[in-house]
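The values are calculated or read from the model by the stated rules, or taken from the named source; none is laboratory data. Please read all numbers here as calculations on a predicted model, not as lab measurements. Please note: Cβ atoms are built from the backbone with ideal geometry, for glycine as well, and neighbour counts cover all protein chains shown.
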């Protein structure tokens, strides 16, 4: 194993590297944020219902989670830049397929290909950790994390306008152009960073962990359908997940270069962070990108707004707040502590989600509460989770925890959207949305509880 090294010959310019990475993560994230106000339009144009469109979002998030397990450890071996270029190229092809989709199966294939770029955030943070010093790292993390909330709210508004004007395919066409630009920028401005040489991928670990996530996802989604907890499919899925997890544990103890060192499994910084991330995304992200757009556009049980109006009054405001405050929290986290910023963000998100339960039938109240989620979730919590994924990473395998944390981000989103879609579909009135928000509040409370087990770390120039 070799030490970390930047092997490109050209001079590394952090500002250009940051620009390329911002465009790359934006091209990926826009496939979630721009589509949020187009849920109703997609259902109409493909002759299906909102629950099925929610399933396409679940497919995107789930494949994204699997990609988070695959690309970062592979990038330890082949290099961060090469891994990022390959995954972004697959994303570009996926957007082309989705733009040409004429039915739901074709849309699913395109969304799955887009999800293959799911490690974009993790790879970007890993590159930045080696390109900039610790005094600037937090601020740069905040800038990239801001993309998680969207491009200053313009993306959600633009997504609504495009959906109303030309349909959802226009959104994929726009992201396709940006993805091509991202590939060019990454190729020209990003240095190649390698951590290891001569190592091999732990396919056993990736395979068994993937099977575990697939089984859990199917089990939880099935469980929240009407009669789901008594359905044999639910318990068979959970049983498969347990067996696969045991196989993962046994295999990792026998492999010379495991996906995750056995000693790391008992580290509170590892399992505590992954569980915190999972429940944060299963709650706040799912509410903002699925429950709120679905509720505001639902003509029978919701407010019956158009895609554009929904984006303008519910999605764009919180996105702007998240965009503006994420760099602030990113610069603040190393000074006051990443864990403190995380817990404050989660506590705020919990209180706001509880308020949403009472705002299901009140558009003004709901809009105000969603707005402040831009600071508590999109900025504070997300920024801290991304930074901690780098800080808690085992020194012998620097790529694996950021990758698993990225998987937890997207697996949480996938499970959360799947569960809330099932809960909403199980009711014919607004109570379905209220029940989904109650589930989200429980998940946020669990995220806050798990954040309390995160340990302190001694890191020069940063407070954890």
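Details
- Residues considered: 64, 58, 48, 52. Of these, the only one that is touching a helix residue (DSSP H, G or I) at 6+ places or on another chain (Cβ under 9 Å), on the phi < 0 side of the Ramachandran plot and not in a helix (DSSP H, G or I) is 48.
- Of the criteria (1) surrounded by 22 or more Cβ atoms within 10 Å (Cβ to Cβ); (2) more than 25 Å from residue 84 (Cβ to Cβ); (3) modelled with pLDDT under 90, which one residue 228 fails: (1)
- A residue that is outside any helix (DSSP H, G or I), in contact with a helix residue (DSSP H, G or I) (Cβ under 7 Å, 6 or more places away or on another chain) and over 28 Å from residue 327 (Cβ atoms) occurs nowhere in region 137-159.
- Against the criterion of being at pLDDT 90 or above and either part of a helix (DSSP H, G or I) or farther than 30 Å from residue 166 by Cα (or both), residue 309 does not qualify.
- Listed conditions (1) farther than 16 Å from residue 18 by Cβ; (2) touching a residue at least 24 places away in the same chain (Cβ under 8 Å) are all met by residue 147, apart from (1).
- Contacts under 7 angstrom Cβ, first residue in region 270-281 being touching a residue at least 12 places away in the same chain (Cβ under 8 Å), partner surrounded by fewer than 24 Cβ atoms within 10 Å (Cβ to Cβ) and part of a helix (DSSP H, G or I), 6 or more apart: 270/264; 272/450; 275/450; 276/450; 279/446; 279/450
- Pick from region 193-225, criterion crowded, with 17+ Cβ neighbours inside 10 Å and not in a helix (DSSP H, G or I), ranking: modelled with the lowest pLDDT: 196
- Selected residue (criterion: surrounded by the fewest Cβ atoms within 10 Å (Cβ to Cβ)) from residues of region 257-269 that are assigned to a helix (DSSP H, G or I) and modelled with pLDDT of 80 or more: 268
- Matching option when the condition is touching a strand residue (DSSP E or B) at 6+ places or on another chain (Cβ under 8 Å) and crowded, with 20+ Cβ neighbours inside 10 Å, among 318, 338: 338
Residues checked against (1) modelled with pLDDT under 85; (2) out of contact with any strand residue (DSSP E or B) (no Cβ under 6 Å at 6 or more places or on another chain); (3) in a helix (DSSP H, G or I):
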site	(1), (2), (3)
250	no, yes, yes
255	yes, yes, no
271	no, yes, yes
290	no, yes, yes
294	no, yes, yes
299	yes, yes, no
334	no, no, yes
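- Selection status of residue 177, more than 18 Å from the chain's Cα centre (by Cα), farther than 19 Å from residue 53 by Cα and without any contact (Cβ under 8 Å) to a residue 60 or more places away in the chain: yes
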